[in-house]
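> Take this structure first; my questions come after.
FYI, it's all coordinate maths here, none of it is from the lab. Predicted, not measured: the structure shown is a model, and the values here were computed from it. Neighbour counts run over all protein chains shown; Cβ positions are idealised from the backbone, glycine included.
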Amino acid sequence: MEANKILCIEDDEETSSLLVEELVDRGFDVCAAADGQEGLAAILRERPDLVLCDISMPGMSGFEVLDRLKALAPRFLGMPFIFLTALTDRENELRGRRLGADDYVCKPVDFDLLHEIIRARLARDRRAEIWANLVELSEREIEALTWSARGKTSAEIALILDLSKRTVDFHIDNARLKLGVSTRIEAVLTAAAAGIISP
């Protein structure tokens, strides 16, 4: 089985070398980027399975990397993104999580803990991918859920898609049943998490 590809974005050479060495020893395919700009380019060039990113870096901070990534390439939003940082205060952790980071790990790094976090994130990512392939929503169901994710009501979606409100509700109900959830909100969240829709 092919090793998972991990990108480490870290400006401290010693920390970067240690991260790469530890993760390679644990069976991962690891590459490193020396700063935020280089890291963003590496993600866009060749999608890694997971990103470990420092926050305090010259030029482009880790926060900016994640923010730019969301703006430039929404298709990467499902890719696990973990901040590794010496910034242990609550405000920075909240900021990182609000930006969409999957985890926030403080330095010095506990490599056993980091390994478990990476394994759990990759397993969840793989489950979502498999699950998305098993659930087949029609084009109309996907459109209705996508507009619902953008905050539109059934009446508004009906106008956008040139359908009746009743037909929109029918498609959303069908999608909900296929996804095995009981509410429209759950259907939207589940479909987005599995990569079936991009809000």
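> In terms of modelled amide H atoms, which long-range or inter-chain residues lie less than 5 Å from the amide H of Asp35?
Glu10
> Another question, then. With θ set to phi - 60°, apply the Karplus curve 6.51 cos²θ - 1.76 cosθ + 1.60 along segment 6-20 and write out the HN-Hα couplings as whole Hz, x wherever there is a Gly or Pro.
3J(HN,Hα) across segment 6-20, in whole Hz: 10, 9, 9, 9, 8, 7, 7, 4, 5, 4, 4, 4, 5, 4, 4.
> About its Cα centre, how strong a charge dipole does segment 5-132 have in debye, to the nearest 20, once Lys and Arg get +1 and Asp and Glu get -1 at the Cβ? Intermediate values should be presented prior to the final figure.
Details: 17 positive and 26 negative charges, 184 e Å.
Once rounded to the nearest 20, the dipole reads 880 debye.
> Compute from the Cα atoms of the chain the Rg and the Dmax, the latter being the longest Cα-Cα distance, and quote both in angstrom.
19.4, 61
> Which of the lysines could be linked to Lys152 by a straight reach, that is with a Cα gap under 16 Å, when you skip same-chain ones fewer than 8 residues away?
Cα-Cα hits under 16 Å: Lys165.
> Between Ile197 and residues 5 or more places away or on another chain, which pairs have amide H atoms under 5 Å apart, with H built 1.01 Å from N, and which residues are they?
Long-range HN contacts for Ile197: Ala192.
> OK, next. Relative to the longest principal axis of the C-alpha atoms of the chain, give the angle of the C-alpha long axis of helix 165-179, reported between 0 and 90° and rounded to the nearest 10°.
Around 50 degrees separate the two axes.
> Check Val105: other-chain or 5+ apart residues with amide H under 5 Å from its amide H, H built from backbone geometry?
Here Phe83, Leu84, Thr85 satisfy the definition.
> Report P(r) for segment 31-85: all Cα-Cα distances, bin width 10 Å, range 0 to the bin holding the largest distance, values in whole percent.
Reading the bins upward from 0: 26, 65, 9.
> What aspartates and glutamates does Lys178 reach when the alpha-carbon gap must be under 18 Å and sequence neighbours fewer than 8 apart in one chain are set aside?
Glu129, Glu136, Glu139, Glu141, Glu143, Asp169, Glu186
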